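Structure first, commentary second.
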Amino acid sequence: MAPLGPVEQTMADRLELKRIAAAFRMVGWGAFWSQLTLALVSGGVLAFNSIGSELVNNRDKAIGLGPGLSLTTLALLVLAWGVWQDWGLVRLSRVLGSGSSSIPSKAETRSQVKRHLLASLAGLTLAAIGYQALSGSLTFQASLQQPGFAGPSSAGNNAITSLEMFSVMANTQALTGHLIGLWVSLWLLQRLARR
């Protein structure tokens, strides 16, 4: 088979650029809406947890949830930044698909995907550490429910409340959002490497 001439090569490059733009548009929108939904759910659950805990008389019985909730809130803020990065991927797909002469270079495109990847990794790390803090404090609190296991029987009522479980749910939503962002970034980097 003969090598492609300059005209055929240019047409093949344009077709490949259109395919990359379509991939960026598809996964950009998918990541945007899924991460936005998870961020809203996580934020709503954290807000409900914050408002609800003010209404509970015995909120001081929530042993050590503070660090886990703080890390979950940080993970949620990083997820919000990741949603903004998803919107950047959609905007990038429009520029790549336009065929104009001002399209970003491959290095600039890869740099934007790497920023998305780093945001997802940072948020995933915060959410995972927050999950460990939440589950550790709830496990300790659950162990206090059984007399003689980890504390005296006069420790009082240390039952785990639904508000405390909501904090774990908020963390899980943020963690899932960052996991989606990680997979999207890795897939886009792999797609760019094939070009």
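The values are calculated or read from the model by the stated rules, or taken from the named source; none is laboratory data. If you're wondering where the values come from, they're calculated on a predicted model, not measured in any experiment. Positions of Cβ are backbone-derived with ideal geometry, glycine not excepted, and every protein chain shown enters the neighbour counts.
Computed values, structure above
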read-out	value
Any chance residue 40 is at pLDDT 75 or above and surrounded by 13 or more Cβ atoms within 10 Å (Cβ to Cβ)	yes
Residue that is modelled with pLDDT of 70 or more, in contact with a Lys or Arg (Cβ under 6 Å, 6 or more places away or on another chain) and farther than 30 Å from residue 138 by Cα, where the choices are 31, 23	23
Tally, over the range 113-128, of residues that are of a type outside the set (A, V, I, L, M) and free of Cβ contacts under 8 Å to residues at least 40 places away in the same chain	2
Number of positions in the range 85-142 that are at pLDDT 85 or above and either in contact with a His (Cβ under 9 Å, 6 or more places away or on another chain) or of a type in the set (Gly, Ala, Ser) (or both)	21
Unique match (being farther than 18 Å from residue 29 by Cα and either part of a helix (DSSP H, G or I) or among the charged types (D, E, K, R) (or both)) among 78, 95, 90	78
Tabulated pairs, the range 163-177, first over 15 Å from residue 43 (Cβ atoms), second surrounded by fewer than 20 Cβ atoms within 10 Å (Cβ to Cβ), C-beta under 6 angstrom, 6+ apart or interchain	163/52; 163/53
Residue in the range 109-132 that is β-branched (Val, Ile, Thr), under 16 Å from residue 193 (Cβ atoms) and assigned to a helix (DSSP H, G or I) present	yes
